[in-house]
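Notes follow the structure.
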Amino acid sequence: MNGWRELIRVENVVKRFGTTIAADHVSLSIGEGEFFALLGPSGCGKTTLLRMLAGFETPDSGAILLDGKDLTNVKPWKRPVNMMFQSYALFPHMTVYDNIAYGLRQEGLAAAEIERRVRQVLELIGLPELAKRKPGNLSGGQRQRVALARAIVKQPRVLLLDEPLAALDRKLRVEMRLELKRLQNEVGIAFVFVTHDQEEALSMADRAAVMRSGKIMQVGTPEELYNTPANLYVAQFIGEANVFAGRLQNSQGEWRLVTNANAYRVPSTEVQRSGLTNGEDAAVVVRPERMVIEPCEGEQDSAPLNRVFGRLLEIAYLGNARNFVVETDDGQRLSIQTPATELAPPVCVGESVCVGWKVESGILVSASENGGGKADEQA
Amino acid sequence: MRVRNWLRLHTSLVYLFLYGPILMLIVLSFNRSGLPTAWGGFSLHWYQELWQNKALLNAALNSVLVAGGSTLVSAVFGTLLAMGLERIARNMVLDAFVFLPMIIPDIVLAIALLSFFTFLEMPLSLLTITISHIVFNIAFVAAIVRTRLSYFDNTLEEASLDLGAPPLKTFFKITLPLIFPGIVAGSLLAFTISLDEFVIAFFTAGPARPTLPILIYSMVRFGVTPDVNALATIVLSISALLILISQRLGGTEGFF
């Protein structure tokens with residue numbers, strides 16, 4: 001993050017609705033021009049946080065700052081922040097042109113200036129010919145673009161997007177990810193978007209905050225979240241994870257995770273990173289693509305692999321990869337993925353197989369889902 | 001099959017029963033002879049007579065004044081009431097009580113209003129009729145605007161606020177235009193009901209200026225002249241037209 005400069009600062013924000021807590025001491029920094037995702041399951045408080053940034057909700061305590069200025073009690077119509085709504089909220093009684101011009105008219109700009117800026121943004125979203133249409137006569141994708149244009153034409157410091165792609169069909173959604181990324185690059189405004197779709201967050205965001213029950217579990221780049229999750233929750237929420245739970249033990253300088261049936265070697269770098277110590281409950285997370293699967297033929301080369309034995313339940317060919325589902329001897333299900341460009345491993349459904357992973361591929365996290373570790377330091 | 005035919009016959013008879021008298025009234029208004037028993041040929045004679053009947057025309061004007069005045073007031077307050085109920089109160093009891101004036105027997109409402117005005121020592125006049133009509137007209141407007149509001153997407157208002165329009169401006173630029181068809185529909189219905197309302201008007205009317213239904217009632221007692229048929233036909237046409245427009249606008253699609 002070269003030249004990263006703080007734009008938004010959320011300080012210890014708390015928001016309750018009755019007995020449910022939507023924001024539980026949330027603190028967060030978002031940089032200028034950053035593409036930032038608020039990621040979490042429904043009800044985790046991500047939309048409430050977004051609405052507090054827009055000014056539709058007021059925090060019970062804590063503060064929201066923009067450029068160092070306190071925004072907490074500034075009304076929505078006075079904030080240099082605009083929002084794109086999940087339903088798009090286009091005004092049905094106005095043309096596309098009037099929808100986009102609406103915000104500029106509130107600023108009292110000259111008609112010529114409004115016209116110039118509306119034309120410009122229509123050009124930017126590639127729909128200059130639709131200016132005279134009513135929203136009712138637009139396709140879903142076109143509505144989404146118009147909603148986006150209406151928000152960015154005001155040139156806000158921050159654009160908030162509430163599930164921007166949720167209303168589109170799958171194919172369009174994937175296209176629009178790239179499109180949003182391109183637009184964000186072009187206009188240079190900070191985008192903060194809410195999504196429950198981790199794939200969407202990983203593919204678009206520069207950084208993302210993973211939320212759960214009003215708390216931020218981790219903030220990081222997509223790679224950080226995937227490769228160095230702060231806790232078990234993040235590890236399981238971002239991407240697929242095979243989880244081995246047990247107790248961390250140090251014997252003669254070597255770290256191991258001891259489970260009911262097995263003991264797996266753990267890289268000491270992970271022990272340092274996670275901040276866990278001898279005797280603590282912990283879990284090793286292994287991504288499916290980091291695992292190998294092979295027929296069980298007794299002891300093989302003593303490469304630095306952790307091994308576990310099981311029975312192959314299922315093979316799925318996905319075109320670019322093969323997926324294997326293995327049930328281990330103690331009943332756990334594992335998911336293994338190998339690239340389709342490699343030869344298929346010589347294993348058959350129903351047979352005993354051996355699953356392994358390189359010791360350094362194991363990610364060590366605290367076993368409690370709220371996992372202490374270094375989560376708080378990173379956020 | 002037999003059952004079907006019986007049902008068909010029954011349906012026709014019911015419709016005849018419902019609309020026969022009205023149809024006859026319309027036909028008679030064009031009857032030159034003026035007698036309900038003898039057809040004297042087609043004529044607009046009774047419409048011309050009506051034009052000469054100053055008392056009837058004045059009463060008609062009074063009715064329009066009462067209906068128009070009570071409708072205008074009801075449109076404003078009924079709309080605000082609907083917004084209050086939809087957005088703030090959300091209270092079953094309040095809801096029920098708002099719509100009660102639509103169901104309370106007219107005679108009860110009439111007696112209540114009369115004693116109310118007597119209590120206030122308010123002289124009975126067109127004003128007291130208008131106030132009385134506002135009582136039930138507000139309920140009609142509120143009911144119809146509320147239906148419209150329940151389809152209203154509240155994020156539209158948030159979007160307007162977000163784009164820099166303060167709440168009052170948002171109301172006039174976004175909310176009002178979008179619920180306007182509902183307001184018009186409610187108003188037209190209110191106007192129609194008020195125009196030919198008899199019981200409440202009869203109780204709260206002053207001696208000097210009767211509304212149309214009151215005048216016709218008094219005329220009937222002293223012998224009806226056939227120009228009343230012509231007048232009734234006109235009132236019927238206007239009411240039917242207003243109800244038609246009102247139903248069109250009351251739907252969800254509305255103007256846009």
Item to check | Residue identified as open to solvent by 20 Å² or more (accessible area, probe 1.4 Å) and either closer than 21 Å to B:N154 by Cα or away from chain B (no Cβ under 11 Å) (or both) among A:R145, A:R105 | outcome: A:R145
Next on the checklist: Taking the condition of being closer than 18 Å to A:T72 by Cα and either more than 14 Å from chain B (Cβ to nearest Cβ) or touching a strand residue (DSSP E or B) at 6+ places or on another chain (Cβ under 7 Å) (or both), how many residues in segment A:32-54 meet it?
Outcome noted: 9
Checklist entry - For segment A:55-161, which fully contained helices (runs of 4 or more DSSP H) count at least 3 residues that are touching a residue at least 40 places away in the same chain (Cβ under 8 Å) and closer than 21 Å to A:A190 by Cα? => result A:96-106, A:140-152
Next on the checklist: If I filter segment A:164-175 for residues that are farther than 30 Å from A:V121 by Cα and open to solvent by 50 Å² or more (accessible area, probe 1.4 Å), do I get at least one hit?
Outcome noted: no
Item to check | Contacts under 9 angstrom Cβ, first residue in segment A:269-289 being under 12 Å from A:S366 (Cβ atoms), partner basic (K, R), 6 or more apart | outcome: A:R273/A:K374; A:S274/A:K374; A:G275/A:K374; A:E280/A:R247; A:D281/A:R247; A:A282/A:R247
Item to check | Criterion: assigned by TED's automatic domain parsing to the domain that holds B:R87 and touching a helix residue (DSSP H, G or I) at 6+ places or on another chain (Cβ under 6 Å) - qualifying residue of B:I111, B:I134 | outcome: B:I134
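Quick check on my filter: what residues within segment B:32-44 are touching a helix residue (DSSP H, G or I) at 6+ places or on another chain (Cβ under 9 Å) and either under 25 Å from B:Y217 (Cβ atoms) or touching a residue at least 60 places away in the same chain (Cβ under 8 Å) (or both)?
Our first condition is that a residue be touching a helix residue (DSSP H, G or I) at 6+ places or on another chain (Cβ under 9 Å); within segment B:32-44, this holds for B:32, B:34-36, B:39, B:44.
Within segment B:32-44, B:G34, B:L35, B:P36 qualify.
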Checklist entry - So B:V76 clears everything in (1) in the same structural domain as B:I234 (by TED's automatic domain parsing); (2) β-branched (V, I, T); (3) within 24 Å of B:I214 (Cα to Cα) except one condition, right? Which one? => result (3)
Item to check | Wholly within segment B:158-228, helices (runs of 4 or more DSSP H) carrying at least 2 residues that are more than 20 Å from the chain's Cα centre (by Cα) | outcome: B:167-170, B:176-195, B:212-221
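Per-residue answers, yes or no, for (1) in the same structural domain as B:S239 (by TED's automatic domain parsing); (2) closer than 22 Å to B:V228 by Cβ; (3) surrounded by 14 or more Cβ atoms within 10 Å (Cβ to Cβ):
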| position | (1), (2), (3) |
| --- | --- |
| B:R4 | no, no, no |
| B:R8 | no, no, no |
| B:V14 | no, no, no |
| B:G20 | no, yes, no |
| B:L28 | no, yes, yes |
| B:T37 | no, yes, no |
Checklist entry - Do you know which residues across segment B:34-46 are of a type in the set (S, T, Y) and either modelled with pLDDT of 80 or more or not in a loop (DSSP other than H, G, I, E, B) (or both)? => result B:S43
Next on the checklist: List the strands (runs of 3 or more DSSP E) inside segment A:327-376, counting only whole elements, that have at least 2 residues being at pLDDT 85 or above and in contact with a helix residue (DSSP H, G or I) (Cβ under 6 Å, 6 or more places away or on another chain).
Outcome noted: A:333-339, A:363-366
Next on the checklist: Residue under question is A:P80, and the condition is that it be over 20 Å from B:T155 (Cβ atoms) and either in contact with a Pro (Cβ under 7 Å, 6 or more places away or on another chain) or facing another protein chain (nearest Cβ under 9 Å) (or both); does it hold?
Outcome noted: yes
Checklist entry - Of the numbered conditions (1) surrounded by 18 or more Cβ atoms within 10 Å (Cβ to Cβ); (2) part of a helix (DSSP H, G or I); (3) within 14 Å of chain B (Cβ to nearest Cβ), A:L180 satisfies every one except a single condition; which is it? => result (3)
Checklist outcome for this item: Scanning segment B:39-70 residue by residue, those within 16 Å of B:V228 (Cα to Cα) and in contact with a Ser or Thr (Cβ under 7 Å, 6 or more places away or on another chain) turn out to be B:W46, B:A59, B:S63
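Would you say A:R16 is under 24 Å from A:V210 (Cα atoms), among the basic types (K, R) and either within 14 Å of chain B (Cβ to nearest Cβ) or within 25 Å of the chain's Cα centre (by Cα) (or both)?
Considered against the rule, which asks whether it is under 24 Å from A:V210 (Cα atoms), among the basic types (K, R) and either within 14 Å of chain B (Cβ to nearest Cβ) or within 25 Å of the chain's Cα centre (by Cα) (or both), A:R16 comes out as yes.
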Next on the checklist: Kindly evaluate B:G84 against the criterion of being buried (at least 17 other Cβ atoms within 10 Å of the Cβ) and in the same structural domain as B:I214 (by TED's automatic domain parsing).
Outcome noted: no
Next on the checklist: Residues that are among the aromatic types (F, W, Y), within 14 Å of chain A (Cβ to nearest Cβ) and either in contact with a Phe, Trp or Tyr (Cβ under 7 Å, 6 or more places away or on another chain) or in contact (Cβ under 8 Å) with a residue 60 or more places away in the chain (or both): does segment B:174-197 have at least one?
Outcome noted: yes
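Looking only at segment B:144-167, filter to residues that are closer than 21 Å to B:L249 by Cβ and either in contact with an Asp or Glu (Cβ under 8 Å, 6 or more places away or on another chain) or of a type in the set (F, W, Y) (or both); which one of those is farthest from the other protein chains (Cβ to nearest Cβ)?
B:R146
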Item to check | Residue match in segment B:87-104 (condition: open to solvent by 80 Å² or more (accessible area, probe 1.4 Å) and at pLDDT 85 or above) | outcome: no
Checklist entry - Out of all the residues in segment B:50-63, which are part of a helix (DSSP H, G or I) and surrounded by 16 or more Cβ atoms within 10 Å (Cβ to Cβ)? => result B:L50, B:L56, B:A59, B:A60, B:N62, B:S63
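The values are calculated or read from the model by the stated rules, or taken from the named source; none is laboratory data. Keep in mind it's a predicted model, so treat the numbers as computed, not measured. Virtual Cβ from ideal backbone geometry, glycine too; neighbours counted across all protein chains shown. The area values use the complete protein model at the heavy-atom level, side chains included, leaving out ligands, DNA and RNA. Shrake-Rupley method; radii C 1.70, N 1.55, O 1.52, S 1.80 Å.
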